[in-house]
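Structure provided below as structure tokens; questions to follow.
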Amino acid sequence: MSQSTRATAADRRDARAAAAAPDASGVFTHRQILTILGGLMLGMFLAALDQTVVSTAIRTIADDLEGYDLQAWATTAFLITSTIATPLYGKLSDLYGRRPFYLFAIGVFVVGSMLCGLADTMYQLAAYRAIQGIGAGGLMSLALAIIGDIVPPRERSRYQGMFMAVFGTSSVLGPVIGGFFAGQDSLLAITGWRWIFYLNVPLGIAAFAVVFRVLHLPHTRRDHRIDWPGALALVTCLVPLLIVAEQGRIWGWDSGRAVLCYAIGAVGLVLFILAERAYKDDALLPLRMFRNRSFAVSSVGSIVLGAGMFGGILLLPQYLQIVHGSSPTVAGLQMIPLVAGIMTGAMGSGIAISKTGKYKIYPLVGIVFIVAALVSMSFIIGADTSVWVLAPFMVLLGLGLGFNFQPVILAVQNAVRPTEMGVATSSVTFFRQMGGTIGVAAFLSILFTTLPDKISSAVRAAAATDPRVAEAVQSGQLNGGGDLSDTSFIQQLPDFLALPFKTGFSDSIDLVFMVAAIVVAIGFFVMLFLPELPLRNQSGIQAQQAGAGEITGTAVTPDVEADQRVQSVGASAPTSTPPPSGTAEDPRS
């Protein structure tokens with residue numbers, strides 16, 4: 001290639017980068033924002049779709065790889081690496097820029113997906129799922145942080161609502177796609193379930209190409225120590241806790257292995273706190289951020305709401321499949337009312353927040369909706385409850401979820417330094433994911449602990465009124481048990497024999513929904529303490545370029561009125577005047 005040709009190609013690359021970059025004041029056009037959003041949403045769609053697709057097909061995969069008893073490790077490996085990677089992406093992207101880490105996340109996810117499709121054993125699949133999780137950990141949190149960089153908080157919720165639409169769509173398409181591929185013995189001479197992973201490859205390459213082309217964010221690299229001790233301590237803390245959350249129901253929550261995991265996790269937590277104190281502002285998660293009331297309340301609220309929300313959502317598809325006999329594909333389609341509620345709540349609250357500048361009311365109203373939906377379903381769900389009866393409550397639950405996800409992220413992004421947008425966003429995402437993991441483990445434990453007694457009670461009640469059931473009990477055909485690790489036998493029983501099992505399962509689901517409602521209700525009282533700060537009219541990049549980053553970053557005091565004064569100053573500060581030194585921690589200094 002001649003020198004002139006190389007120069008022309010370089011000029012074209014520079015021109016594309018200039019067209020995708022903001023103007024001198026850090027403002028992106030609406031068209032630029034939508035173009036960037038396309039790449040970000042494609043990346044998020046990959047991560048969200050993968051989880052629902054794999055969960056639908058995991059039993060088929062495990063049977064084919066002759067590792068049914070090892071299938072949980074494929075999920076656990078992904079969960080461990082994605083959870084640990086989330087805060088790491090946030091901190092490192094604050095220091096070195098979002099673009100390289102988002103591209104890295106997509107690349108690792110694609111490589112992991114290709115390897116998963118090539119797996120020959122469950123051990124290999126678990127290892128490759130761990131690689132996939134490393135990429136997935138950055139796809140969601142970095143996308144939200146990038147939006148915080150390019151869109152002012154006042155307008156941000158409108159765009160973040162689109163992410164919820166992606167999340168909702170993937171939750172419907174996942175079971176449909178997973179069920180389709182898992183049901184194919186072979187497709188183009190390749191085992192059907194392997195296409196679940198191979199499908200990510202072209203989608204990931206497209207996302208990588210779009211992000212590489214259009215995402216050009218200005219970033220000033222800052223010299224900081226890397227908090228490797230904190231990262232190592234975080235791994236020590238989380239890995240055993242996530243393992244026991246996934247395996248505790250099988251091991252026993254008070255078994256020797258579970259107690260060992262608790263002890264190692266506690267030691268890791270202590271070491272993590274010590275490391276964060278030592279590294280101060282350079283820490284993976286600076287402890288002073290918890291003095292920021294918006295951050296502290298949102299973090300605690302995310303744990304509580306994550307536990308209640310994800311625990312509740314998990315059990316609806318199980319109810320539809322076990323009690324109604326729906327296939328995973330059909331169950332995914334039956335969840336459309338929930339997804340419609342999520343999309344409506346997210347988009348509606350986003351538009352309202354951008355117009356009014358008020359965000360606190362939406363998480364509170366959303367929690368009321370979630371609690372009302374869960375309580376109502378705990379009373380109406382039974383062995384013969386119609387899906388159409390459940391539909392309005394699914395919509396209500398979805399509205400509550402849509403009202404909660406993005407306003408909480410927005411509140412945190414609006415209250416921290418623009419230079420800490422990544423660590424703040426990823427931390428809230430991390431706490432929500434941890435809460436969801438805890439909730440799923442706890443609710444499944446409640447479900448399977450109460451299920452045998454509920455089924456036995458239902459069998460006795462049915463035997464007292466139906467001679468056919470009594471005869472089946474006496475003959476040993478129906479002993480109130482059955483292998484509950486595989487519930488497919490319920491669909492093979494005659495209706496009069498299947499009814500006690502479905503009744504028992506419904507009764508257990510009722511209890512879990514009620515517990516989930518109580519957990520979510522606690523979140524209401526937590527969110528009451530969320531400050532209602534004025535939404536800035538500057539994006540993260542604008543604030544940094546205008547020299548307002550240090551002023552807006554002063555919202556670390558627990559005094560809400562001081563927070564509001566700081567945010568007002570940050571939003572209206574003259575762009576030509578840099579902040580005086582000493583304002584990094586106290587606006588009055």
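The values are calculated or read from the model by the stated rules, or taken from the named source; none is laboratory data. Computed from a predicted model, the values in this text were never measured in an experiment. Quick reminder, even Gly has a Cβ in these numbers, built from the backbone with ideal geometry, and neighbours come from all protein chains shown.
Please find, within the stretch 367-386, the residue that is farthest from residue 346 (Cα to Cα) out of those that are within 27 Å of the chain's Cα centre (by Cα) and of a type outside the set (A, V, I, L, M, F, W, C).
Taking the candidates together, the pick is 378.
Could you tell me whether residue 90 is touching a helix residue (DSSP H, G or I) at 6+ places or on another chain (Cβ under 9 Å), surrounded by fewer than 17 Cβ atoms within 10 Å (Cβ to Cβ) and in contact (Cβ under 8 Å) with a residue 12 or more places away in the chain?
No: the conditions fail for residue 90.
Modelled with pLDDT under 80, β-branched (Val, Ile, Thr) and more than 21 Å from the chain's Cα centre (by Cα): does that describe residue 503? Quick ask: steps written out before the conclusion?
Values: modelled with pLDDT under 80: no; β-branched (Val, Ile, Thr): yes; more than 21 Å from the chain's Cα centre (by Cα): yes.
Against the criterion (modelled with pLDDT under 80, β-branched (Val, Ile, Thr) and more than 21 Å from the chain's Cα centre (by Cα)), residue 503 does not qualify.
Take residue 363 and decide whether it is touching a residue at least 40 places away in the same chain (Cβ under 8 Å) and surrounded by 22 or more Cβ atoms within 10 Å (Cβ to Cβ). Talk me through it step by step, then tell me what you get.
Working: touching a residue at least 40 places away in the same chain (Cβ under 8 Å): yes; surrounded by 22 or more Cβ atoms within 10 Å (Cβ to Cβ): yes.
Yes; evaluated as a whole, the condition is true for this residue.
Restricting attention to the stretch 506-538, which residues are assigned to a helix (DSSP H, G or I), in contact with a Phe, Trp or Tyr (Cβ under 9 Å, 6 or more places away or on another chain) and among the charged types (D, E, K, R)?
The answer is 510, and nothing else.
Now for a separate question. Only residues that are modelled with pLDDT of 70 or more and in a helix (DSSP H, G or I): list them for the stretch 474-500, please.
Hits for the stretch 474-500 are 474, 495, 496, 497, 498, 499, 500.
For residues in the stretch 372-389 being in a helix (DSSP H, G or I) and free of Cβ contacts under 8 Å to residues at least 24 places away in the same chain, which is surrounded by the most Cβ atoms within 10 Å (Cβ to Cβ)?
Among residues in the stretch 372-389 that are in a helix (DSSP H, G or I) and free of Cβ contacts under 8 Å to residues at least 24 places away in the same chain, the one surrounded by the most Cβ atoms within 10 Å (Cβ to Cβ) is 376.
I'd like to verify a number: residues in the stretch 120-144 that are buried (at least 21 other Cβ atoms within 10 Å of the Cβ) and farther than 24 Å from residue 168 by Cα, how many?
Residues in the stretch 120-144 being buried (at least 21 other Cβ atoms within 10 Å of the Cβ) and farther than 24 Å from residue 168 by Cα: 4 in total.
Against the condition within 22 Å of the chain's Cα centre (by Cα) and surrounded by fewer than 16 Cβ atoms within 10 Å (Cβ to Cβ), how does residue 348 come out, does it pass?
It is true that residue 348 is within 22 Å of the chain's Cα centre (by Cα) and surrounded by fewer than 16 Cβ atoms within 10 Å (Cβ to Cβ).
On to the next question. Condition first: assigned to a helix (DSSP H, G or I) and either surrounded by 18 or more Cβ atoms within 10 Å (Cβ to Cβ) or modelled with pLDDT of 80 or more (or both). Now tell me which residues in the stretch 311-328 satisfy that.
311, 312, 313, 314, 315, 316, 317, 319, 320, 321, 322, 328
While we're on this one: For the stretch 34-91, enumerate the residues that are closer than 19 Å to residue 432 by Cα, of a type in the set (Val, Ile, Thr) and in contact with a Ser or Thr (Cβ under 9 Å, 6 or more places away or on another chain).
Those that are closer than 19 Å to residue 432 by Cα, of a type in the set (Val, Ile, Thr) and in contact with a Ser or Thr (Cβ under 9 Å, 6 or more places away or on another chain): 52, 75, 83, 86.
Now a separate question. Tell me which residues, restricted to the stretch 339-365, are in contact with a Pro (Cβ under 8 Å, 6 or more places away or on another chain) and not hydroxyl-bearing (Ser, Thr, Tyr). Walk me through it before giving the result.
First, pick out the residues of the stretch 339-365 that are in contact with a Pro (Cβ under 8 Å, 6 or more places away or on another chain): 349, 353, 357, 359-360, 362-363.
Residues satisfying the conditions are 353, 357, 360, 363.
For every residue, the table says whether it meets (1) within 15 Å of residue 55 (Cα to Cα); (2) among the small types (Gly, Ala, Ser); (3) not assigned by TED's automatic domain parsing to the domain that holds residue 106.
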position: 178; (1), (2), (3): yes, yes, no
position: 193; (1), (2), (3): yes, no, no
position: 196; (1), (2), (3): yes, no, no
position: 203; (1), (2), (3): no, no, no
position: 206; (1), (2), (3): no, yes, no
position: 209; (1), (2), (3): no, yes, no
position: 217; (1), (2), (3): no, no, no
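Among the numbered criteria (1) surrounded by fewer than 24 Cβ atoms within 10 Å (Cβ to Cβ); (2) part of a helix (DSSP H, G or I); (3) small (Gly, Ala, Ser), which single criterion is violated by residue 427?
Only one criterion is unmet by residue 427, namely (1).
Let me confirm something: among 409, 342, 351, 322, which residue is closer than 30 Å to residue 499 by Cα and either in contact (Cβ under 8 Å) with a residue 12 or more places away in the chain or touching a strand residue (DSSP E or B) at 6+ places or on another chain (Cβ under 7 Å) (or both)?
322
Give me the helices (runs of 4 or more DSSP H) completely within the stretch 176-288, filtered to those with at least 3 residues that are without any contact (Cβ under 8 Å) to a residue 60 or more places away in the chain and surrounded by fewer than 20 Cβ atoms within 10 Å (Cβ to Cβ), ordered by residue number. If you could, list the steps in order and put the result at the bottom.
Values: elements: 194-198, 200-214, 228-251, 256-279.
Output list reads 228-251, 256-279.
I need the full set of residues from the stretch 90-129 which are closer than 29 Å to residue 227 by Cα and acidic (Asp, Glu), in order please.
Correct list: 94 only.
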